[in-house]
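Here's the structure we're looking at; comments come further down.
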C-alpha cells in the first residue's frame, strides 16, 4: 500500500546559541564575525525561540509533524538537538534524528535536516555530502543526503541556503548563479553515481524567485512538468512553487512585497504518477498559521535578536513551506 509522507522546509532566522556559548560550540572566528549582535542573547531567549519554532513544526502535517524537515540559519548542533527534543515532546509519536552540516559560512549559520528514522535512515558511508559554493567570502554549502527509505529506496535530498541579496539583488546575482550551477552539477552526479532512476528532492531558501536566472538557467528548473519528464541530455528540476509565485502572499517579505524565496523542486523520477516516490504537486503550501504573521500585509512575525528588537511571541522572518510525497510498496 502506498504511504503519504510530509516534507517541509524552514529558514528559522538566526537560531543562535547563547551569548556566552563555549568555544566547543562557537569557534572564535564566528564570535568575531557576529560581534556585538550576540550581546544580550541569553539562554532564556534562545530557549524561548526554540519553543516558538517547535510549536509551529508540531502543527505541520495536521499536527503529526513532518516526516522530513530541512532548516537553515541554525548555528550549531547543540541548538538543533534542543529543537528536536522540544518537537519530540510535543509530538510523542516522533523521535527525530539529525543531519547537520557545520559549514564555513562567515556567521556560522548552517543547513540541517530533522528526519523520522522510522521512514528514513542515513547509511554509514557515502550518504552525506557538503558541496562548496565558490565565493570570495565564505557562504553556506549545499547539503546532500542520500537517505534510504524504509522500503529500501534511495532518496537524494539537497538542502539549500543560497547567497543572500545583500549589497543589491543584481549585484549579488552572480553568487546565486554559481549556487545554481553547483546544484545542477551534483543533481547530475547523483544520477551518474547511483542510478538514472534515483529520485531527487531539492528544498531551500534560494534567495531568488522561481523565475530568476539562477534557478531557471543555472539550476535547470522549470514550471513545466513535461519538460522535466522529457529531458534526455541534462536532468531538469520541476519547481513546484511556481503557482505560489502568482499569489498575493509569499514565504518572505521585503519592503512589504511578498517573495517566494523558499521552494521545493523535484526531478523527473518524482514527477510522474507512476514514480515509486512521487511529489503531490497540488499539496505544496506556504504554512501561514494565524499567530505566525503580523501587520496589514500579514508578513511573517520574526522573533528578532542578533541586533534586532526581540518579540518573544515571534517565530521567524520566513514562513515554512511543505508538501506531500507518496511512496509505493
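The values are calculated or read from the model by the stated rules, or taken from the named source; none is laboratory data. Everything numeric here is computed off the predicted structure, so don't read it as measured data. Neighbour counts are summed over all protein chains in view; Cβ atoms, including those assigned to glycine, are modelled from backbone coordinates with ideal geometry.
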**Message:** I'm trying to understand the selection: among the residues of the range 61-85, which are in contact with a helix residue (DSSP H, G or I) (Cβ under 7 Å, 6 or more places away or on another chain) and more than 16 Å from residue 18 (Cβ to Cβ)?
**Reply:** 65, 66, 69
**Request:** Answer with yes or no whether residue 139 is touching a strand residue (DSSP E or B) at 6+ places or on another chain (Cβ under 9 Å), at pLDDT 95 or above and either part of a strand (DSSP E or B) or surrounded by 15 or more Cβ atoms within 10 Å (Cβ to Cβ) (or both).
**Result:** no
**Message:** Anything in the range 119-135 that is at pLDDT below 80 and in contact with a helix residue (DSSP H, G or I) (Cβ under 9 Å, 6 or more places away or on another chain)? List them, or say none.
**Reply:** 126, 132, 134, 135
**Request:** Go through the range 154-174 and give me each residue that's over 16 Å from the mean Cα position of the chain (by Cα), buried (at least 17 other Cβ atoms within 10 Å of the Cβ) and in a loop (DSSP other than H, G, I, E, B).
**Result:** 165
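With respect to residue 177, is the statement that it is more than 24 Å from residue 68 (Cβ to Cβ) and either surrounded by 24 or more Cβ atoms within 10 Å (Cβ to Cβ) or in contact (Cβ under 8 Å) with a residue 12 or more places away in the chain (or both) true? If you could, list the steps in order and put the result at the bottom.
Values: more than 24 Å from residue 68 (Cβ to Cβ): yes; either surrounded by 24 or more Cβ atoms within 10 Å (Cβ to Cβ) or in contact (Cβ under 8 Å) with a residue 12 or more places away in the chain (or both): yes.
Here the answer is yes, as residue 177 does meet what is asked.
Out of curiosity, is residue 145 out of contact with any helix residue (DSSP H, G or I) (no Cβ under 8 Å at 6 or more places or on another chain) and under 23 Å from residue 327 (Cα atoms)? Let's see the steps before the verdict.
Numbers: out of contact with any helix residue (DSSP H, G or I) (no Cβ under 8 Å at 6 or more places or on another chain): yes; under 23 Å from residue 327 (Cα atoms): yes.
Against the criterion (out of contact with any helix residue (DSSP H, G or I) (no Cβ under 8 Å at 6 or more places or on another chain) and under 23 Å from residue 327 (Cα atoms)), residue 145 qualifies.
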**Item:** Unique residue being touching a helix residue (DSSP H, G or I) at 6+ places or on another chain (Cβ under 9 Å) and under 22 Å from residue 57 (Cα atoms) when the list is 202, 219, 173, 184
**Value:** 202
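Which is within 24 Å of residue 132 (Cα to Cα), within 19 Å of the chain's Cα centre (by Cα) and either surrounded by fewer than 21 Cβ atoms within 10 Å (Cβ to Cβ) or free of Cβ contacts under 8 Å to residues at least 24 places away in the same chain (or both), of 205, 212?
On the way: 205 fails: either surrounded by fewer than 21 Cβ atoms within 10 Å (Cβ to Cβ) or free of Cβ contacts under 8 Å to residues at least 24 places away in the same chain (or both).
Within the list 205, 212, the selection yields 212.
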**Item:** Failed condition for residue 110, given (1) surrounded by 22 or more Cβ atoms within 10 Å (Cβ to Cβ); (2) closer than 18 Å to residue 16 by Cβ; (3) touching a helix residue (DSSP H, G or I) at 6+ places or on another chain (Cβ under 7 Å)
**Value:** (3)
**Fill in**
When every residue in the range 31-72 that is on the phi > 0 side of the Ramachandran plot and over 18 Å from the mean Cα position of the chain (by Cα) is compared, the one modelled with the lowest pLDDT is 35
